[in-house]
Amino acid sequence: MCGIVGFVGKKQAAPILLDGLSKLEYRGYDSAGIAVRNGDEPAKIVKSKGRLKILSEKTDSGNALIGTCGIGHTRWATHGEPSTVNSHPHISGNCMGTDFGEVESEVIGVHNGIIENFKELKGKLLKHGYTFYSQTDTEVVIKLVDYYYKKYTHDPQEAIAKTMVRVRGSYALCLMFKSCPGEIWVARKDSPMIIGISEGETYVASDVPAILNYTRNVYYIGNLEMARLTAGKVSFFNLDGDEIDKKSTEIKWNAESAEKNGYEHFMMKEIHEQPKAVQDTLNSLVKDGKIDLDSIGLSDEEIKSISQICMVACGSAYHTCVVTQYVMESMAKIPVRVEIASEFRYRGPVLDKNGLVIVVSQSGETADTLAALRLAKEKGIKTLAIVNVVGSSIAREADNVFYTLAGPEIAVATTKAYSTQLIAGYLLAVQFAFVRNEIDSEYYAGLINELYTIPQKIEKILEDKERIQWFVAKQANAKDVFFIGRGIDYAVCLEGSLKMKEISYVHSEAYAAGELKHGTISLIEEGTLVIGVLTQSGLYEKTVSNMVECKSRGGYLMGLTSYGHYEIEDTADFTVYIPKTDEHFSASLSVIPLQLMGYYLSVSRGLDVDKPRNLAKSVTVE
Ligand code: F6R
């Protein structure tokens, strides 16, 4: 995910671009850049690795770049590491040149999205004499526009249309052509982009807050559409070059909506915040490539002496405990049991005095979880709380606290807190395994590296969310949905099913796939949606067999598996693929499409996504 901004008008562009980018930094922050043109003069580009503030300092808050037309970008790296050369804007010329240098290339552009066939296109362009200075897919698409521009009629609209037909993937593209001063051209497919107009000024951005300081008059550019922006004017075109008539919308946000950063619901905003929440939580305990549990009161000696772990929580937090149980037992070979807090507190649990009780809670105020914590303490058992809200009751009362860094979670249905709780569980499991000599240092380092790939992989799944939206729209009248899986996949099914129930009010069940035929399979009827989660290679064939059993009874199948398992298409009616990861960590990826399914089903049924009926964010009564 990246943020793009453009401006053409009478004012100086650079300060406006920097201001807009500052509102989009939540979309990416590993590098930033702007390109500005002064009248007919060639554009000047300034880029820098790191946060936007470095770019701002470099350009004296934009004052060092003169010109009234420009584009800017803040990046979250996908293709090519975070670096100045890979940062946007990119140019059609063969060498990037230096900061503030005049750019003689025909096309300059910024891009949000992913060009899937960029390797193939790069090969084509290399044959036509282009060379490449960066590792990005964006440079390829800019050069492709240049290629079509020069090959055909030197018409930006035609060159962009030809490029749009040729590329696969998602994009919000914002371009300046040397031969067209005072113009910005944009094109969009599956990546957000809005256009704002005020007296003599035109703006473009990935998200509304970037331009709210200047205008509330906004146009939404549709999928596979282009637009030409000049000072105070915008014209829209379809792929055939026909002009499209559009009406602007006035943004009437209240303060609360503004906090949604342009998302319709807090839940969708929070779904998109997961990469950052995961990254922040990892960073809090990983130092110099090693996990530091000393800071949460677990020395190596203690880790070695712990005889068993008991994890206690409610709802989604409980579901993360089920995942941790699988991961911890598989990796660290230490017995883990998982308990629902409201059961645990009243059933007189037998706990080993050398054991560790871990309670997990986003709010840190859940009454049953707090009571479970108090019970463990009364019994003299060491306690650790995994909590999101700083200073909450559970955080204050536990012996030690592992804070998840999800930030404030407002939607009632948890998403980003769930994801950070998973990360907390993984970090504990990996460190316990290493300290207790169950894994060697090479595997340990590999696991930590793998954890750091999760944010980017979540990002990739989110880029394809419209496909899930499309599928879910067809299920708006579903009455019963079944989620089946084995091992960690079963644990994820519990969460997928809860997400669906709580916000879309569609009844669903999560079942361990092998358990279905012990009764529940009698509920499968013609057309019942059955979602199979299959990320564990050792269990894959077995879950496929259980899906086939459902199909034979009329079930309509969706398969959720990792890229590579394309044979699932022989069985499932609809498939969703997620990036590969170490299978211990797959829940962090497979849960994302399931969160999106719950969200889109709720939206398609016209429900209050953020505040579902009968629920509250924090359950402080038992
Ligand atoms: C579901 C959800 C709830 C909470 C549960 C525990 O989306 O949010 O199931 O997970 O109420 O809340 P915390 O984590 O605050 O203890």
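Just so it is clear, none of the values below were taken in a lab; they were calculated from the coordinates. All values reported here derive from a predicted model rather than from experimental measurement. Counting neighbours? That spans all protein chains shown, and the Cβs are built from the backbone with ideal geometry, glycine included.
Structure notes:
- Burial ranking of peptide ranges 496-502, 107-113 (average Cβ count within 10 Å, highest at the top): 107-113, 496-502
- Helix-derived mean residue ellipticity, 222 nm - over the chain, DSSP H n ≥ 4, -39500 (n - 2.57), to 500: -11000 deg cm²/dmol
- Straight-distance candidates among the lysines for linking to residue 233, with alpha-carbon spacing under 19 Å and chain neighbours fewer than 8 residues away dropped: 10, 11, 246, 247.
- Quotient of Cα Rg and 2.2 N^0.38 Å for segment 460-608, N being how many residues it contains: 0.94
- The long axis of helix 156-166 is offset from the longest Cα principal axis of the chain by roughly 40 degrees.
- Members of 44/127; 333/353; 23/122; 416/501 lying beyond 24 Å, as alpha-carbon distances in this model show: 44/127; 23/122
- Measuring nothing but how far apart in sequence close Cα pairs (under 8 Å, 6+ apart) lie, relative to its length, segment 460-608 scores a relative contact order of 30 percent.
- When you count the other C-beta atoms within 10 angstrom of each residue and take the mean per peptide, 479-485, 90-96 line up highest first as 479-485, 90-96.
- For the chain, convex hull volume per residue from C-alpha positions, Å³: 162
- Net charge of neighbours whose Cβ lies under 12 Å from the Cβ of residue 139, counting Lys and Arg as +1 and Asp and Glu as -1: 0
- Helix axis angle, 416-435 relative to the chain longest principal axis, alpha carbon, degrees: 60
- Taking a straight line from the alpha carbon of residue 304, these aspartates and glutamates sit under 14 Å away, with near neighbours fewer than eight places off in the same chain left out: 294, 438.
- Once C-alpha pairs closer than 8 Å and six or more residues apart are averaged by separation and normalised to the residue number of segment 260-452, the relative contact order reads 29 percent.
- On Cα atoms only, tilt of 274-285 relative to the major axis of the chain in degrees: 60
- Here's the picture: charge each Lys and Arg Cβ at +1 and each Asp and Glu Cβ at -1 in segment 198-320, and of 312, 237, 291 the one pushed furthest to the positive end of that dipole is 237.
- Loop-located chymotrypsin sites (Phe, Trp or Tyr not before Pro) across segment 49-127 with a Cβ neighbour count of 13 or fewer within 10 Å are 100, with loop assigned by DSSP.
- The slack between residue 223 and residue 333, meaning 0.36 nm per residue of separation minus the straight C-alpha distance, is 34.6 nm.
- A straight line joining the Cα centroids of segment 442-472 and segment 57-74 runs 33 Å.
- Within straight-line cross-link reach of residue 124, lysines at Cα separation under 21 Å, skipping those fewer than 8 residues along the same chain: 143, 150, 151, 162
- Only Lys, Arg (+1) and Asp, Glu (-1) charged, at Cβ; segment 3-250 dipole about Cα centre in debye: 400
- Protection proxy ranking of 408-415, 244-251, 463-470, by the mean of other Cβ atoms within 10 Å over each peptide's residues and highest first, is 408-415, 463-470, 244-251.
- Cα lying deepest toward the dipole's positive end in the chain, options 227, 476, 598, charges on Cβ: 227
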